[in-house]
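The values are calculated or read from the model by the stated rules, or taken from the named source; none is laboratory data. Just so it is clear, the model here is predicted, and its values are computed rather than measured. Cβ sites come from the backbone with ideal geometry, for glycine too, and all protein chains shown count toward neighbours. Ligands, DNA and RNA are excluded from the accessible area calculation, which covers all protein heavy atoms including side chains. Shrake-Rupley method; radii C 1.70, N 1.55, O 1.52, S 1.80 Å.
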Number of protein chains: 2
Amino acid sequence: MSDREAQQGTGLHRAFAIIRVLAASDGTGMRVTQIARESGLTQATAHRLLQALMAEGVVVQGEGSRLYRLSVEFFALAASAGNPGNLRDLCRPALLRLSASLGDTIFLLVRSGFDAVCLDRSEGPFPIRSFTGDVGGRVALGVGQGSLAILAFLPEAEREEVIRFNLPRLRDFGVFDEVYLRTEIARVRELGYAGRNTGLLPGMAGVAVPVLDRDGRAVAALSVGTIAERLSPERLPTVVELLRRETVAIGPGINPFDVVLRRPAQGLGGINGPTRIETSDSRTGQQGRLPPGAAPRS
Amino acid sequence: MSDREAQQGTGLHRAFAIIRVLAASDGTGMRVTQIARESGLTQATAHRLLQALMAEGVVVQGEGSRLYRLSVEFFALAASAGNPGNLRDLCRPALLRLSASLGDTIFLLVRSGFDAVCLDRSEGPFPIRSFTGDVGGRVALGVGQGSLAILAFLPEAEREEVIRFNLPRLRDFGVFDEVYLRTEIARVRELGYAGRNTGLLPGMAGVAVPVLDRDGRAVAALSVGTIAERLSPERLPTVVELLRRETVAIGPGINPFDVVLRRPAQGLGGINGPTRIETSDSRTGQQGRLPPGAAPRS
DNA sequence: ACATTCATTCCGTATATCGGAATAAGTCAA
DNA sequence: TTGACTTATTCCGATATACGGAATGAATGT
């Protein structure tokens, strides 16, 4: 029924609604009904789309045709993909060198809209827990050292927009007020790295250095995640220096690409914990997660 | 147009054709024309679908609206997903323990159709090259130790089908004839692990132990990739024992799921997708791109 | 056994998709 | 600058496709 400004009746949109639902599930698999409910689709439609997705190899069902889940092939497809300007390949050697020489876990974070996403990771012998955690994990820009390092080195205009947009989201993490955040950012800009134990995760600490493209804008960050004791005042400068050395080597190799500043877009948004935000946007608005049981308009 | 075995006129199929094309590209981005050509779509259609995909957040375009590429969000979506029965989460601790105590790189491979896919990886200080390489990388079942370990412990019927299907593909790697392959498999079954330096990558060696589900079928494998010297006859038994210990601990925790045996079908990336062998030096990193559509070279 | 939930198939309707062709935008060589 | 060329985007009518209500079939539970 008519153009609602943006398309939400398209098959593609519905298909991805299903994919998103499945991605948000725990990987055990979901039944058609459940999927239909959570994606706001009819059972018939959900079923038909699931068949189509299976034909594409995106979805598989295990155990005598009951539960649907995303396929390993889908995983592999996207794994070889989300690699803006070959950044991951570019950084891999650096990650390996760093984790080997430091003995800590190294993260590669890239900016994606208002979030930072963990693109790669190389583990050291010291087990840690981080915000982004796994490869593919997301945090709002500003949460955690790596994320903060990126935010601090965005061009001013974008930085402001991100700050404005993210402030409400950040509240859920620390007791951030705007002044505090800006102070942090200022210090990061001055020092050239994001350090200091934020105390967000007890006993954990991190340092991060931004990776700047040829225009001096942050597109990524290398970050060390470790236990607080291992970032003593004596060791810290060494670590920072190592990180910085790698980042400056990486910078020039970056293929030009810009991350378009978009609202997290009804797209593949934060399946990850508290990162999810619910801001009804003016134009693209609509289509949040549909309240359970709400029928899609026709 | 109508029958034709499976539907290929559907919008969803076309959309994924584009995604596949983009995934196969080197991440620099592609123009509409190129995408249209390689996916076999009309320019108009390709363009429209790209718009739709952008609305979904799957595709972004950089640089003043010229080149399209897959978004980081798409990457994140699938990363948190392709995790059959939580296998990755289940295995992560084991990977960390192993790479920490052995000092070598540990891979988690899962079966996907006629391939093995690298689902996770934990690096040790010893740099290595492997067949699967990156997370998301694929190899035909039978190539490499991990892959071989899985193949060897499939139920007989499936094993036979895989062998039949894969033989031609294997030819490109070693000088495998069927007899040789079957001999290898027999030995793996007898020993309970896949070992021995296959000499496929000079100086490299690996050992792999299958992860069996409660029915005794191989669904995955833990594999060690290292340099040949580090798998001396004295050290090997230790390594195998450590691996085995972890795998038996993992097995029972596997959520029941079966990988349906399907032709790689028009599915994702399929057979000779990113079966790239990493030939890069770990310091200069980089490399890896095969020309789109080119078969993996011998 | 029955009752209930869930999965799958049917089918008429209408809507979203398709692609040829027109237009706009960008690229390159003089 | 101009002009020829390539590539990107928009239009639009025909029709193939997707839609979803409802019927059927398969599981599950008590």
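Working ranking of peptides B:149-159, A:182-192, A:240-250, A:86-96 by packing, defined as the average number of other Cβ atoms within 10 Å per residue, highest first, is A:86-96, B:149-159, A:240-250, A:182-192. Counting 0.36 nm for each residue step from residue A:248 to residue A:167 and taking away their Cα separation leaves a gain of 26.2 nm. Among B:21, B:43, B:53, pick out the residue whose Cα is farthest towards the positive end of the charge dipole of segment B:11-78, where Lys and Arg carry +1 and Asp and Glu carry -1 on C-beta, about the Cα centre. Most positive-ward Cα: B:43.
Net charge of the neighbourhood of residue B:86, taken over other residues with C-beta under 14 Å away and scored Lys/Arg +1, Asp/Glu -1, is -2. A Förster radius of 25 Å combined with the Cβ-Cβ distance from residue A:26 to residue A:51 puts the calculated FRET efficiency at roughly 0.65.
Entry comment: accessible area of segment B:11-78 is 36 Å² per residue, from protein heavy atoms only and a probe of 1.4 Å. Computed from label points 7 Å out along Cα-Cβ, the spacing between residue B:66 and residue B:182 is 5.7 nm. Extending 7 Å from Cα along the Cβ direction at residue A:214 and again at residue A:228 yields two label points whose distance is 4.4 nm.
Classify segment A:11-78 as rounded, prolate or oblate, taking a ≥ b ≥ c as the square roots of the eigenvalues of its Cα gyration tensor: rounded when a/c is under 1.5, otherwise prolate if a/b is larger than b/c and oblate if not. Rounded is the answer for segment A:11-78, as its axis ratio a/c remains below 1.5.
Just want to confirm a number: the relative contact order over segment A:83-253, from Cα pairs under 8 angstrom separated by 6+ residues, in percent.
Working: 320 pairs, mean separation 38.8, N = 171.
Reported as a whole number, the value is 23 percent.
Between identical copies, the spacing of residue B:171 label points, each set 7 Å from Cα toward the C-beta atom, reads 6.7 nm from nearest to farthest. Taking a sphere under 11 Å around the Cβ of residue B:14 and counting the other residues whose Cβ falls inside, with K and R at +1 and D and E at -1, yields a net charge of +1. The calculated FRET efficiency for residue B:235 paired with residue A:101, based on their beta-carbon distance and R0 = 25 Å, is about 0.55. Placing a label point 7 Å from the Cα of residue A:214 along the Cα-to-Cβ direction, the distances to the matching points in the other copies come to 5.8 nm, shortest first. Relative to the other identical copies, residue A:101 shows label-point distances of 3.0 nm, where the label point lies 7 Å from Cα along the Cβ direction and values run shortest first.
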